[in-house]
Every structure is written in structure tokens, then in C-alpha cells.
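Peer 1: The structure is given below, and queries will be raised subsequently.
Read the figures in this text as sums done on the coordinates, not as results from a lab. In this text, all values refer to a predicted model and were calculated from it rather than measured experimentally. All Cβ positions, even for glycine, are placed from backbone atoms using ideal geometry, and neighbour counts span all protein chains on display.
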Amino acid sequence: MDIVLKKEINPKIMKYIPKGKREAIDEAYRDSDGYWIYLKEGWNADRMDWNCHTIHEDTIKDLRYQIAGIARAKER
């Protein structure tokens, strides 16, 4: 039997994500290491230091900066 983990979407984080970018979010939560956003396939966090599908920041201010960089992945 496969275990399916429920994706976590924190409404306090989602309020900082513009409606046009919410479709990109797979998970959004906060833990002891900070704020995390995982993007769905086909989306990138273009402002991160590397091209990826994960945003991790310690503060809301930094998280909001990274959220602005969420964009559809460019086709190769």
C-alpha cells in the first residue's frame, strides 16, 4: 500500500502570493528552518541563486522578493 502525503498550503503564506501565481504553488509552509514554497512542474523560482522549483527564506520580506520571481519554466 502506498502512503500519500498531504500537501501543506499555509494560508498565511498564500496571502503574499499574487492570484496569477497561485497556480504555480504545490506546497507552502513554515517550519523551524524558515519559509518554504515548492513549485509545481513547469514553474521556476527565477530569482533564486540557481534555477529551481523550491523557495526557502528566513523572513517574509525575502520570501516576498522570491515570490515575485516565480515564472513559467522556459522550454529548452
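Peer 1: Looking only at region 23-75, which residues are of a type in the set (Lys, Arg), surrounded by 13 or more Cβ atoms within 10 Å (Cβ to Cβ), closer than 14 Å to Ile13 by Cβ and without any contact (Cβ under 8 Å) to a residue 24 or more places away in the chain?
Peer 2: Arg30
Peer 1: Every residue in region 48-76 that is within 12 Å of the chain's Cα centre (by Cα) and in a loop (DSSP other than H, G, I, E, B), please. Write out each step before concluding.
Peer 2: Let us first name the residues in region 48-76 that are within 12 Å of the chain's Cα centre (by Cα), namely 48, 52-57, 63-71.
Answer for region 48-76, where residues must be within 12 Å of the chain's Cα centre (by Cα) and in a loop (DSSP other than H, G, I, E, B): Met48, Cys52, His53, Ala68, Gly69.
Peer 1: Also, quick follow-up: Look at region 20-47 and say how many of its residues are in a loop (DSSP other than H, G, I, E, B) and of a type outside the set (D, E, K, R).
Peer 2: Residues of region 20-47 that are in a loop (DSSP other than H, G, I, E, B), as a first pass: 32-33, 40-42, 46-47.
Still in the running and of a type outside the set (D, E, K, R): 32, 42.
Adding up the residues that qualify gives 2.
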